[in-house]
Amino acid sequence: MGTKTRLQVLQDYIGKEFTASPSPFMLWMNPIVVDAQEGTVTFKYMIRDEMTNPVKSLHGGVTAAIADDCIGATLFSLNEDNFYTTINLVVDYFAPAHLGDTILAETAIIKRGKQLVNAQCEIWNKDKTRLIARAYSNLLKTNMVKKAL
């Protein structure tokens, strides 16, 4: 059988920690793949001490990093050869998450053009009753090509 698509690689990790990411930072965050479809992914995170601010809630910068990396994984799911780079990221924060909490990050492609992609990431508490944050990002297609899996 031939080489797996990037989406298939993501799907192979459903229910497991995603250790195949090319991003060392994403690996540090220890995401668990909940779902992966073309153009949308859901990751689960356990908030560890080093991810919190002085009052032990999820640090805003880590929240933004989760959104940015999840959106990057969403572009990974599109099976394109070129890398995309974030050209902006806007995050709205709605509620805190605390040390020991489990959160879900769900992404969606809003608009996909030839050179630019607009995507969103919503970060929820574990049972999806409280929206923690919502991020929007624009990403630019680069001329850098991904290596084969």
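Just a few scattered comments:
- Matching residues, region 125-143, being farther than 24 Å from Phe83 by Cβ and either surrounded by 20 or more Cβ atoms within 10 Å (Cβ to Cβ) or among the charged types (D, E, K, R) (or both): Lys126, Asp127, Lys128, Arg130, Ile132, Ala133, Arg134
- Taking region 45-79 as the range and being within 17 Å of Ala108 (Cβ to Cβ) and charged (D, E, K, R) as the test, the residues that pass are Asp68, Asp69.
- Spans of strands (runs of 3 or more DSSP E) in region 58-149 with at least 1 residues aromatic (Phe, Trp, Tyr) and modelled with pLDDT of 95 or more: 82-93, 116-125, 131-145
- Options Val33, Val55, Val91; residue that is surrounded by fewer than 13 Cβ atoms within 10 Å (Cβ to Cβ) and not basic (Lys, Arg): Val55
- Matching option when the condition is in contact (Cβ under 8 Å) with a residue 60 or more places away in the chain, among the hydroxyl-bearing types (Ser, Thr, Tyr) and closer than 13 Å to Ala135 by Cα, among Thr42, Thr86, Thr63: Thr63
- Selection status of Val117, free of Cβ contacts under 8 Å to residues at least 24 places away in the same chain and either surrounded by 20 or more Cβ atoms within 10 Å (Cβ to Cβ) or not small (Gly, Ala, Ser) (or both): no
- Filtered by the rule that a residue be in contact (Cβ under 8 Å) with a residue 60 or more places away in the chain and either β-branched (Val, Ile, Thr) or more than 24 Å from Thr52 (Cα to Cα) (or both), region 89-111 gives Thr107, Ala108, Ile109.
- In summary, Val55 fulfils each of the numbered conditions (1) closer than 23 Å to Leu139 by Cβ; (2) over 13 Å from the mean Cα position of the chain (by Cα); (3) aliphatic (A, V, I, L, M) with the single exception of condition (1).
- Among the candidates Ala73, Ala64, residue that is small (Gly, Ala, Ser), out of contact with any helix residue (DSSP H, G or I) (no Cβ under 9 Å at 6 or more places or on another chain) and crowded, with 16+ Cβ neighbours inside 10 Å: Ala64
- Tally, over region 4-27, of residues that are within 25 Å of Lys128 (Cβ to Cβ), without any contact (Cβ under 8 Å) to a residue 40 or more places away in the chain and part of a helix (DSSP H, G or I): 2
- Against the conditions (1) farther than 19 Å from Ile123 by Cβ; (2) surrounded by fewer than 15 Cβ atoms within 10 Å (Cβ to Cβ), Tyr13 satisfies every one except (2).
The values are calculated or read from the model by the stated rules, or taken from the named source; none is laboratory data. Only a predicted model underlies this, so the values are computations on that prediction, with no experimental measurement involved. Quick reminder, even Gly has a Cβ in these numbers, built from the backbone with ideal geometry, and neighbours come from all protein chains shown.
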